[in-house]
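Working notes, structure below.
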Amino acid sequence: MATLIHTLADHSDDVNYCAFSSSCLATCSLDKTIRVYSLSNFAELPYSPLKGHTYAVHCCCFSPSGRVLASCSTDGTTALWDTRDGRRLAVLQQPGASPVRVCRFSPEASYLLSGAADGSVVLWNIQTLKLFRSGNVKGGSLVACAFSPHGNFFVTGSSSGDLTIWDDKMRCLYNEKAHDLGVTCCDISSHPVSESENGFKYFQMASCGQDNQIKLWLILFADFLGVELKYKCTLNGHSAPVLACAFSCDGQMIVSGSVDKCVIICETSTGNTLHTLSQHTRYVTTCAFAPHSPLLATGSMDKTVHIWQLDLRQPCAGDTVENESKVAVEDWSEDDVSAWLCAQDLADFVGLFKMNNIDGKELLNLTKESLANELKIESLGQRSKVLQKIEELRMTRSLVSVPDEFLCPITRELMNDPVIATDGYSYEREAMENWISTRRSSPMTNLPLCSLMLTPNRTLKMAISRWLETQRK
């Protein structure tokens, strides 16, 4: 069952895209803004909406850690935002200044991909914020993209109907005419579904288009063997062009949105329709599953975003052992950690973690240095993937367990040095000092602050300390 639990109606024009992190939902619109909401109560964060684009915002996406949000626009730029305070970190100008239609972070957060109406595709180096490599699709606008699970390949979709597979050196490895009237969206599941004769794993890919169809593919990514794309089946549930598609975190479901105003959720193994949702009153332009909770977001030209609660018959592979067993992460045994690794598609590390006696407490304390120096994980990509999953676990754990009044309204993180501002609200000192260094308005009310004085909130600090002590017992 899919139950509509909340509707966001803050945008003043068509909603073009929505994206989840572990703790937030971002939406963007023709109204030139990006809005960011907390998943704990669907309240808009104090710094939202994000403004800076001069024309429509077509796409937005979170970095793997959730701390950076990217957005791209008709104005020919891709912007990067700090999700802790809403600061704009960078503006990346597309070569040729063509309208940018899609952007996506690589899974290990090394690159940001941006694709534009003139067919240009750019890989930006996230560390330097410089153009790393660029290329062009043959004919048509670039309107869709998706990275392989390990980030060393990516797929683009064009308005001419082609799906193109590239490597991170921007070499075109494969091209397939997938949708006669044009591709509109594509997605790749992070969970393998089968293996080749050489032991390489096949992943599911979905594409949708102006031909009313959703196509499922099996795609193999292998550094030495190249790539292979196999057609699997076509889903024909929609009666009009399909504008969006996305896999659930475990790859067992696929959701799609269409010009027919419907959202359809299908079982990928059988193609059977599980749910048809028809609450939107205009074209459905975007849909996304949350990574760590049974939530689905759908956006539309009716200017709304619907949030749906899914009644899943089986736990999603992205859910943590904590959710399934109700045991606090700090109390996990080594076997609990092993089960969590398997659920995160990190089963190759089970033996290594057991050999180093990594239990729940040790897991939460792992850093990039300890992964490299103590556990001897040599691959930077693998270390980044493990660290990303641990960070998601920390964020999910914090989101579930920390009382909302202990979280800073600006950073949404547990406060260490809470202070009271003259608007009557409490904030983390450093976050509020950074805030008032550039503006004199309240993060909560957006009204002018009568004074920039910050008063230590000792009562709240003591309450947080007492709560932390109870968590350690």
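Go through the residues of segment 340-353 one by one and say whether even a single one is at pLDDT 85 or above, part of a helix (DSSP H, G or I), open to solvent by 50 Å² or more (accessible area, probe 1.4 Å) and touching a helix residue (DSSP H, G or I) at 6+ places or on another chain (Cβ under 6 Å).
no
Would you please name the residue that is nearest to I410 (Cα to Cα), looking only at residues in segment 91-133 that are over 19 Å from the mean Cα position of the chain (by Cα) and open to solvent by less than 20 Å² (accessible area, probe 1.4 Å)?
By that ranking, first place goes to L92.
Provide a single number: the residues in segment 454-473 that are in contact with a Ser or Thr (Cβ under 6 Å, 6 or more places away or on another chain) and surrounded by fewer than 17 Cβ atoms within 10 Å (Cβ to Cβ).
Final tally of qualifying residues: 1.
Name the residue that is modelled with the lowest pLDDT, counting only residues in segment 410-442 that are outside any loop (DSSP other than H, G, I, E, B) and of a type in the set (G, A, S). Reasoning before the result, please.
At the first step, the residues of segment 410-442 found to be outside any loop (DSSP other than H, G, I, E, B) are 414, 418-420, 426-436, 441.
From what's left, of a type in the set (G, A, S): 426, 431, 441.
Values: S426: 93, A431: 88, S441: 85.
So, considering only residues that are outside any loop (DSSP other than H, G, I, E, B) and of a type in the set (G, A, S), the one modelled with the lowest pLDDT is S441.
Of all the residues that make up segment 20-51, how many are open to solvent by less than 40 Å² (accessible area, probe 1.4 Å) and at positive phi?
Of the residues in that region, 1 qualify.
From the list S190, S194, exactly one residue is surrounded by fewer than 15 Cβ atoms within 10 Å (Cβ to Cβ), assigned by the TED database to the domain that holds C233, hydroxyl-bearing (S, T, Y) and at pLDDT below 90. Which is it?
Values: S190 fails: surrounded by fewer than 15 Cβ atoms within 10 Å (Cβ to Cβ).
Matching residue, one of S190, S194: S194.
For segment 363-381, which positions are free of Cβ contacts under 8 Å to residues at least 12 places away in the same chain and either under 20 Å from D331 (Cα atoms) or touching a His at 6+ places or on another chain (Cβ under 9 Å) (or both)?
N365
Conditions (1) assigned to a loop (DSSP other than H, G, I, E, B); (2) buried (at least 20 other Cβ atoms within 10 Å of the Cβ); (3) free of Cβ contacts under 8 Å to residues at least 40 places away in the same chain; (4) over 19 Å from the mean Cα position of the chain (by Cα), marked per residue:
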| site | (1), (2), (3), (4) |
| --- | --- |
| T234 | no, no, yes, yes |
| A246 | no, yes, no, no |
| S269 | yes, no, yes, yes |
| Q279 | yes, no, no, yes |
| A288 | no, yes, no, no |
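Could you check, for segment 443-453, whether at least one of its residues is surrounded by 14 or more Cβ atoms within 10 Å (Cβ to Cβ) and under 26 Å from G66 (Cβ atoms)? Step through it out loud before you land on a result.
Narrowing segment 443-453 to residues surrounded by 14 or more Cβ atoms within 10 Å (Cβ to Cβ): 443-444, 449.
Narrowing further to those that are under 26 Å from G66 (Cβ atoms): 443-444.
Scanning segment 443-453 turns up at least one residue that is surrounded by 14 or more Cβ atoms within 10 Å (Cβ to Cβ) and under 26 Å from G66 (Cβ atoms).
Out of the residues in segment 151-180 that are assigned to a loop (DSSP other than H, G, I, E, B) and in contact with a Ser or Thr (Cβ under 9 Å, 6 or more places away or on another chain), state the one that is most open to solvent (accessible area, probe 1.4 Å).
From segment 151-180, those assigned to a loop (DSSP other than H, G, I, E, B) are 151-152, 159-161, 168-171, 178-180; that's our starting set.
Pick out the ones that are also in contact with a Ser or Thr (Cβ under 9 Å, 6 or more places away or on another chain) and you get 151-152, 159-160, 168, 170, 178-179.
Numbers: G151: 4, N152: 40, S159: 55, S160: 33, D168: 39, M170: 24, A178: 3, H179: 0 Å².
Here the residue is S159.
Which numbered condition in (1) at pLDDT 95 or above; (2) under 22 Å from the mean Cα position of the chain (by Cα) is the only one that N152 fails?
If we test N152 against (1) at pLDDT 95 or above; (2) under 22 Å from the mean Cα position of the chain (by Cα), just (1) comes out false.
The values are calculated or read from the model by the stated rules, or taken from the named source; none is laboratory data. Given the structure is predicted, the values throughout are model-derived calculations rather than measurements. Using ideal geometry, Cβ is built from the backbone for each residue, glycine included, and neighbour counts are taken over all protein chains shown. To get the accessible areas, we keep the full protein, side chains included, count just its heavy atoms, and leave off ligands, DNA and RNA. Shrake-Rupley method; radii C 1.70, N 1.55, O 1.52, S 1.80 Å.
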